[in-house]
Amino acid sequence: MATKTPFLLMGDGLRRNASKFPVKVAAKDRFREISYGELNGRVNQLAHALLSIGVRKGDGVALSVGNRIEHLEIAFATAKIGALAIPLDVKWKALELGSVLSFFKPSALILQQDCLDEFEKAQISHDLSFLKPIIIADLSYGGLLNGQSSEEPKTAVGEDDPFAVLLTSGTTGFPKGCLSTQRTFVFHCINNAIEKGLGVHDRAILSSPIYFNAGRSFTLGIIYFGGTMILHERFDAEEVLKAIERERVTYIGAVPTMCERMLRVLESTRYDTSSLRCLAITGGKVHPSVLDNLRKNLTPNIYRTYASTDSGQMAISKPADMDTKPNAAGRPVWCVDLRIVDDDNKQAGVNQVGEIVCRSPLATQGYYKNPEATHASFRDGWFYTGDLGYFDEEGYLFVAGRKKDMVKSGGISIYPLEIESVIYGHPGILEAAVIGVPDAQWGEAVKVVVVLKPGSTLTGEDLIHFCKERLSGYKLPKSVEIRSSLPHTEIGKVNKVKLKEMIMVEAETNR
């Protein structure tokens, strides 16, 4: 009987493209550009170099490298030898870096030069003697690539072998590491191809952090399918718009705050964005007024995905859905089962709010070295998202918000996302967050915290009156606070946990 050959391997995608498109530009960053032939050769050299210093199949390789070609080289080199890539935030300080490295205990750490100071501080406060640090001082990785073969490594890698640990971008506690296999990540690539047409024809920009799954999945998908990837180390709205015009970019991934910043630039300066065939938005709700502006001023080709690092993409709203279902998260993606369950874990009916649970080949295989967290989030093969939502009669998913964000006032469940959607309809609002605060009479009361647009003279009383015309009485905010800014997570979401902490501390201080 013939031996089964694995084919759902990330490294194989790059190897095939090096043969099909040897001189095509695979990736560009601010330092250089590289062809598929060159990229595959350097990836193989790095793979052999890692083997030469004792990294073996199954070992963890942490990388503190931003949106640079080297990040792609490391991701595919580890894939080809069956090592486990653990991407870290390049902005982490010594305490964060030392804590995560101590917990995950990778065999090696590859870091860019400007991350070295924090790593050296982390070595003082944490025992990191198990690590082999590799500094990217030059294109040879400090001489590590010198003399290494550019031939394919001989390590036998299977579809079920680990590929990467992706850290959650949660707002509380220690980040969980979502474990993905080779097959899982190839399915991420295939899903982007099926649902958003990602392929060899695309020229894409990534300007959000590559260590988060939202940007990472389509970035590695571009390389897997043979497109061209343009890497920006940080998001600058005007620079991104200039690049779309100059490079004739076809695909860009963004979070809502990035979209809003691009719209602000487009208010005063026009750029040719007609090449865009896909603006892929994830990371939170895009409010209807912002969607309308995006369609008019940036591109009508908007794909909104409901996803998480833990689950992968769960639902997608496509351009054709914008007119009829602008508030929907979309329909489930092709390979995912989604259910809505009540507090007794029974399937909810149409238009009945409950917790969103999913079963998917895109979901994490569990949390790396954290069986307790895995057990808490997975039951009988289903991932419990902690999000609340419902299906309408046409099978569209609507997300009502996070279960933990729900406000319980006078025994009634109030969903902040519904109130926020109304508030964002006011022309004077730049940002808004709805939270529950302790209340002696009702248990919790709805509080709104907003940032106003420049020049706006809106008062709290004005906003409550605005809401009163659009919401039932029990959903109305009991108080409104106007601030100059709101705290955010790394991917641009309003950090409600941090906001609530700030408000409670200030309330205690002012007593």
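Derivation of every value follows stated rules applied to the coordinates shown; laboratory data play no part. Small disclaimer: the values here were computed from a predicted structure and weren't measured. A quick note on method: Cβ atoms are made from the backbone with ideal geometry, for glycine too, and the neighbour counts reach across all protein chains shown.
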> Measuring from label point to label point, each 7 Å out along Cα→Cβ, what is the Thr509 to Glu159 span in nm?
Replying inline: 5.6
> Roughly how big is the stretch 406-509's charge dipole about its Cα centre, with Cβ charges of +1 (Lys, Arg) and -1 (Asp, Glu), in debye to the nearest 20?
Replying inline: 180
>> Kirkwood Rh over alpha-carbon pairs of the stretch 1-151, then Stokes-Einstein at 37 °C and 0.692 mPa s: what D in µm² s⁻¹, rounded to an integer?
In response: 204
> On full extension of the chain, what length is gained from Asp138 through Lys403, given 0.36 nm per residue of separation minus the C-alpha to C-alpha distance?
Replying inline: 90.7 nm
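Would you kindly state how much longer the chain becomes between Ser274 and His465 on full extension, computed as 0.36 nm times their sequence separation minus their alpha carbon distance, in nm to one decimal?
On the way: separation 191, 0.36 × 191 = 68.76 nm, distance 4.06 nm.
Stretched fully, the Ser274-His465 segment lengthens by 64.7 nm.
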> Which residue, chosen from Ser472, Val505, Ile429, occupies the Cα position most advanced towards the positive end of the dipole of the stretch 406-509, where the dipole is computed from +1 (Lys, Arg) and -1 (Asp, Glu) charges on Cβ about the Cα centre?
Replying inline: Ser472
> Roughly what angle does helix 10-20 make with the longest principal axis of the chain, taking Cα atoms, 0 to 90 degrees, to the nearest 10?
Replying inline: 60
>> Among Gly221, Trp334, Tyr36, whose Cα projects farthest towards the positive end of the dipole of the chain, with charges put on the beta-carbon of Lys, Arg (+1) and Asp, Glu (-1)?
In response: Tyr36
> Could you work out the helix-only [θ] at 222 nm for the chain, with each DSSP H run of four or more residues adding -39,500 (n - 2.57) and the total divided by the number of residues, to the nearest 500 deg cm²/dmol?
Replying inline: -9500 deg cm²/dmol
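Strictly greater than 20 Å: what percent of every Cα pair in the stretch 296-436 meets that? Don't skip to the end; give the middle numbers.
Working: 5297 of 9870 pairs.
More than 20 Å apart: 54 percent of the Cα pairs in the stretch 296-436.
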>> Under a crude label model (7 Å from the Cα following the beta-carbon direction), how far is Lys20 from Asp342 in nanometres?
In response: 5.0
> Which angle between 0 and 90 degrees, to the nearest 10, do you get for helix 116-125 versus the longest principal axis of the chain when only C-alpha atoms count?
Replying inline: 80
> Tell me, what is the percent relative contact order of the chain, built from C-alpha pairs under 8 Å that lie six or more residues apart?
Replying inline: 10
> Label-point separation (nm) for Arg32 and Ser102, each offset 7 Å from Cα along Cα-to-Cβ?
Replying inline: 3.7
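Let me check I have the definition right: for the stretch 58-121, take the eigenvalues of the Cα gyration tensor, multiply each by 5, take square roots. What are those semi-axes in whole Å, largest first? Please list the in-between numbers first.
Details: eigenvalues 74, 41, 12 Å².
Output for the stretch 58-121: semi-axes of 19, 14, 8 Å.
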>> Nearest 10 degrees is fine. How inclined is helix 288-297 to the longest principal axis of the chain, computing both from alpha carbons?
In response: 50
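Given a Förster radius of 51 Å and the C-beta distance between Ser289 and Gln113 as r, what FRET efficiency does 1/(1 + (r/R0)^6) yield to the nearest 0.05? Before the final figure, lay out the partial values.
Working: r = 43 Å, r/R0 = 0.85.
Computed FRET efficiency for Ser289 and Gln113: 0.75.
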> Under a straight-distance cross-link criterion of Cα-Cα below 25 Å, which lysines are reachable from Lys475, leaving out those fewer than 8 residues away in the same chain?
Replying inline: Lys285, Lys325, Lys403, Lys404, Lys408, Lys447, Lys453, Lys493, Lys496, Lys498, Lys500
>> For Lys20, give me every one of the aspartates and glutamates with a C-alpha distance below 19 angstrom, ignoring sequence neighbours fewer than eight places off in its own chain.
In response: Asp12, Glu33, Glu38, Glu73, Glu151, Glu152, Asp202
> If you take all C-alpha pairs in the stretch 406-509, what percent of them are over 23 Å apart?
Replying inline: 23
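What is the extension gain from Asp392 to Ala320, computed as 0.36 nm multiplied by their sequence separation minus the C-alpha to C-alpha distance, in nm to one decimal?
Details: separation 72, 0.36 × 72 = 25.92 nm, distance 1.73 nm.
Once the chain is fully extended between Asp392 and Ala320, it gains 24.2 nm.
Evaluate the charge dipole of the chain about its Cα centre and quote only its size in Debye, nearest 20, assuming +1 on the Cβ of each Lys and Arg and -1 on the Cβ of each Asp and Glu.
Working: 60 positive and 60 negative charges, 140 e Å.
That gives the chain a dipole magnitude of about 680 debye.
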